[in-house]
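Comments concern the structure below.
Please treat every number below as a calculation from the coordinates, not as lab data. Computed from a prediction, not measured in an experiment: that's the story for all the values here. Cβ sites come from the backbone with ideal geometry, for glycine too, and all protein chains shown count toward neighbours.
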């Protein structure tokens, strides 16, 4: 496994992402970055909190950063700014 | 003005909160903490990004932390866990 794994948070239920992280950890991952954009940001925070407080209490939140990404609409071609979050988890 | 002001992010449009922060800054506030729970978390990130990148480029994101709060339903009396975010902004 690589040193840092990335889990992209999208439209699936929160527990899917918690499970994805737990699987990575069990396969020896030392560091996981949760990445989310727009409305999925709150789901990324939920995922981190559920993971750290309930399922993997040895894992800690190492760093949180936020950024803005330019997203191009595939139909209209217009660009819009979307906020994003990166939550770094590690043992 | 106090040293740290807190802006609670709720259901209003993002620009309301950006304006609230700008008003605080113009009144001499040196440090603002944005606080949001649940689905408003992504709006807090939006507020911070719009403020820092467009309207108050001298303001920087100092720290971001996340937590879990227990919220009691006023009707059923049941408690549920809600994620929260704190974004500290300062000059």
In whole Å, largest first, what are the principal axis extents of the Cα atoms in segment B:4-90?
-> 45, 23, 20
So what is the 222 nm mean residue ellipticity for chain B from helices alone, if each DSSP H run of at least 4 adds -39500 (n - 2.57) and you divide by all residues, rounding to the nearest 500 deg cm²/dmol?
-> -8000 deg cm²/dmol
Taking a label point 7 Å out from Cα toward Cβ, give me the nm distances from residue B:74 to the same spot in the other copies, shortest first, one decimal.
-> 4.3
Label-to-label distances across copies for residue B:91, with labels 7 Å out along Cα→Cβ, in nm, shortest first?
-> 4.6
Most fluctuating residue given options B:24, B:34, B:51, as computed from a GNM of chain B linking Cα atoms under 10 Å = B:24
For chain A, what's the relative contact order in percent, using C-alpha pairs closer than 8 Å and at least 6 residues apart?
-> 32 percent
Working from the alpha-carbon coordinates of the protein assembly as shown, get Rg over Rh, Rh being the Kirkwood radius.
-> 1.00
If we hang a label 7 Å off Cα along the beta carbon direction at residue A:30, how far is it from the matching labels on the other copies, in nm, shortest first?
-> 4.0
In cubic angstrom per residue, the convex hull of segment B:51-91 built on its Cα atoms measures 83 Å³
